[in-house]
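The values are calculated or read from the model by the stated rules, or taken from the named source; none is laboratory data. This is a predicted model, so every value here is computed, not measured. Here the Cβ positions follow ideal geometry from the backbone for every residue, glycine too, while neighbour counts run over all protein chains shown. All accessible areas refer to the heavy atoms of the entire protein, side chains included, with ligands and DNA or RNA removed. Shrake-Rupley method; radii C 1.70, N 1.55, O 1.52, S 1.80 Å.
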Amino acid sequence: MITQSTASIPVQLAAVRARILAAARDAGRPPDSVGLIAVSKHQGAEAVRAAWDAGQRAFGESYVQEALDKQAPLAELAIEWHFIGRIQANKTRPIAAHFDWVHGLADLGHARRLNDQRPAALAPLKVCLQVNTSGESSKGGVAPAAVADLLAACVALPRLQVMGLMTLPAPAADVRRQREPLRALRLLRDRLATPEHPLDCLSMGMSDDLEAAVLEGATLVRIGTAIFGARPYNDNAAH
Ligand SMILES: *Cc1c(COP(=O)(O)O)cnc(C)c1O
């Protein structure tokens, strides 16, 4: 893991919090209705600790082994860990044991494995179902038309707690175009929500589309670059 200076992290974290508050105000939403996941993939444990010291409690990781290596030296911190990467069947056991949330669940086989492998001593694993809202095959997620079936199967798994929906749209330059897939996720959620399963969580919004996401109802934004700076090495996976 490359060590970068962590001095700018509290400043950039404060700037991201200010962006969230401004967007919530513009959207007429309560300031505390948008949670922040600090995406620390490819950042070192010292960067996570710097953000923790500035009050950040939820962190997102995309790569299982990298996350486990980072969690070890941070074990005394009560961090809420979110797995936001692409799930591989042979990695579900450590995901089930070492994370509080999984975003990007898009496969019933993965859901069953996570359910079976969630340690009994832990609360049910919180999950968001990933929806492919931009029709781009590289982005992962289930097609909107397939979400209802996956949802029905997942809510029957007792060691999973379905919190809502997640999406990772293709990048778009202007806010109007950014909002289209984010709005699609919200409308899909509105159609699928029931009193038993309200799907309160909309996990959407990254450094470049945070404002669009808050305007469209995001309840958890996943922000990496705007907090930690550019990642020290490149991401070749879709996420
Ligand atoms: C990397 C990543 C993010 C954060 O992206 P930034 O543009 O650095 O804010 C958010 N969500 C997912 C799924 C990611 O893989």
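Overview of results
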| read-out | value |
| --- | --- |
| Region 207-235 residues that are under 25 Å from Asp53 (Cα atoms), paired with ones that are in a strand (DSSP E or B) and open to solvent by 20 Å² or more (accessible area, probe 1.4 Å) (beta carbon under 7 Å, 6 or more apart) | Thr219/Gly35; Leu220/Gly35; Val221/Leu36; Ile223/Leu36 |
| Flag if Leu210 is over 27 Å from Ala47 (Cα atoms), modelled with pLDDT of 95 or more and either within 13 Å of the ligand (Cβ to nearest atom) or not basic (Lys, Arg) (or both) | no |
| Cross-chain or 6+ apart pairs with Cβ under 6 Å, region 158-181 first and within 21 Å of Arg86 (Cα to Cα), then modelled with pLDDT of 95 or more and surrounded by fewer than 18 Cβ atoms within 10 Å (Cβ to Cβ) | Arg159/Pro124; Leu160/Pro124; Gln161/Pro124; Val162/Val155; Gly164/Asp200 |
| Residue list for region 28-69, restricted to those being in contact (Cβ under 8 Å) with a residue 60 or more places away in the chain, away from the ligand (no atom under 15 Å from the Cβ) and open to solvent by less than 40 Å² (accessible area, probe 1.4 Å) | Ser33 |
| Leading residue by the ranking (farthest from Ser33 (Cα to Cα)) among those in region 191-213 that are polar (S, T, N, Q) and part of a loop (DSSP other than H, G, I, E, B) | Thr194 |
| Restricting region 164-207 to residues that are among the small types (Gly, Ala, Ser), modelled with pLDDT of 95 or more and more than 13 Å from the ligand (Cβ to nearest atom), the residue that is farthest from the chain's Cα centre (by Cα) | Ala193 |
| Boolean, Leu215 is at pLDDT 95 or above, within 16 Å of the ligand (Cβ to nearest atom) and at negative phi | no |
| The one condition in (1) within 16 Å of Arg191 (Cα to Cα); (2) of a type outside the set (Val, Ile, Thr); (3) crowded, with 20+ Cβ neighbours inside 10 Å; (4) more than 14 Å from the ligand (Cβ to nearest atom) that Cys154 fails to fulfil | (1) |
| Test set (1) under 21 Å from Arg86 (Cα atoms); (2) at pLDDT 95 or above - Ser138 fails condition number | (2) |
